[in-house]
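Asker: Quick one: this structure, given as structure tokens, is what I'll be asking you about.
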Amino acid sequence: MPTIIDGKEVAAQVLAECAQEIVELKSQGITPGLAVVLVGEDPASRVYVSSKVKKCAELGLHSEKIVLSKEATQEEVLAVVERLNLDPAIHGILVQSPPPPQIDEEAIVRAINPAKDVDGFHPENVAKLALEDSSGFVPCTPAGCMRLLAAAGVETSGKEAIVVGRSMIVGKPMALLLVAKGSDATVTIAHSRTKNLAEVCRRADIVVAAVGIPNFIKAEHIKDGAVVIDVGINRVEDASRKSGYRLCGDVAFEAVADKTHAITPVPGGVGPMTIAMLIKNTIKAAR
Ligand code: NAD
């Protein structure tokens, strides 16, 4: 039987550590503050933003939610970022992705003060990750995946790992974390142009799926005894649910789980970790 890696439990551990740090910082007169900027009305983004703000409130963090209309201009978004950069009560700034098409997301990310870039997307933080300079911010989702591997006691050193997906949010930073000194995995990054993906994946002891296609990774991609981390969060129609949809991962869990040594479920795997690591980054920014 595979180990089902419980992201809710590991996230609760991370948040318990955070709660202690927050008490400590508050005793020094510092309340970590996070600003979350939402542009437009993307339903998934609204859910993410609300849950981030709610988690801040639960933990006694200061938070500010700024909602701009879907017609907001680049200048308006930049003006908000500029104000937050200068606000001493705000230590972390996050602009929820994806913004509407008229917004140049890259330029917005570059405008965030790197010392407040708790998403870890600013080029300065990307460079620090590549340089293994721990003073930067690591993107929350891959940082959460690493924490899950550690919590499940998965040895990465010398192991073959594959990251399926090369986005700057998940795939690339995940690969950098796995290959970094201390993790020491041998890493392959696969993407939409990779040939013979199943064959390449079957070499891996650790498979991280960040593709954005429901149930994309199947049993044929997985070697017996591999560890599988499913980053995917996909909405699929489900008439039996009140909402009309359910969440499913990038991995065909039912078909794959029995072959694995350990696997993360969706929901309840990587998802809860992202927000926990965001809180952790906000505390780091406040420090
Ligand atoms: P993305 O669309 O930016 O990147 C997807 C990647 O998959 C691309 O690099 C592409 O090359 C690769 N890909 C597409 N088709 C492929 C194929 N046929 N074979 C191999 N590779 C292929 O997505 P993303 O932002 O990296 O997100 C990936 C998934 O993770 C999505 O489901 C997203 O919702 C989820 N996600 C979850 C969290 C979380 O908190 N758990 C956070 C971010 C993203």
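Asker: Tally time: how many residues in segment 52-73 are farther than 22 Å from A115 by Cα, of a type outside the set (V, I, T) and exposed (fewer than 15 other Cβ atoms within 10 Å of the Cβ)?
Answerer: Here the count works out to 6.
Asker: With (1) closer than 25 Å to D117 by Cβ; (2) surrounded by fewer than 17 Cβ atoms within 10 Å (Cβ to Cβ); (3) not β-branched (V, I, T) as the list, and E254 as the residue in question, which single condition is left unmet?
Answerer: Unmet for E254, out of (1) closer than 25 Å to D117 by Cβ; (2) surrounded by fewer than 17 Cβ atoms within 10 Å (Cβ to Cβ); (3) not β-branched (V, I, T): (1).
Asker: Okay, moving on. Of all residues in segment 177-213 being of a type in the set (G, A, S) and exposed (fewer than 15 other Cβ atoms within 10 Å of the Cβ), which is farthest from P265 (Cα to Cα)?
Answerer: G182
Asker: Here is a further query. Quick test of your reading of the structure: T260 fulfils all but one of (1) of a type in the set (S, T, Y); (2) over 30 Å from A19 (Cα atoms); (3) within 14 Å of the ligand (Cβ to nearest atom). Name the failing condition by number.
Answerer: (3)
Asker: Shifting gears a bit: Check off (1) over 15 Å from D250 (Cα atoms); (2) in contact (Cβ under 8 Å) with a residue 24 or more places away in the chain; (3) of a type in the set (A, V, I, L, M) for A150 and give me the number that stays unchecked.
Answerer: (2)
Asker: Among M174, M146, which is assigned to a helix (DSSP H, G or I) and in contact with a Leu (Cβ under 6 Å, 6 or more places away or on another chain)?
Answerer: After applying the criteria, what remains is M146.
Asker: Kindly indicate whether I93 is in a loop (DSSP other than H, G, I, E, B), surrounded by 14 or more Cβ atoms within 10 Å (Cβ to Cβ), of a type in the set (A, V, I, L, M) and within 24 Å of the chain's Cα centre (by Cα).
Answerer: No; evaluated as a whole, the condition is false for this residue.
Asker: Please go through segment 1-45 and pick out each residue that is at pLDDT below 95 and either within 30 Å of D258 (Cα to Cα) or touching a helix residue (DSSP H, G or I) at 6+ places or on another chain (Cβ under 7 Å) (or both).
Answerer: Scanning segment 1-45 gives a single hit, M1.
The values are calculated or read from the model by the stated rules, or taken from the named source; none is laboratory data. Since the structure is predicted, the reported quantities are computational estimates derived from the model, not experimental observations. Using ideal geometry, Cβ is built from the backbone for each residue, glycine included, and neighbour counts are taken over all protein chains shown.
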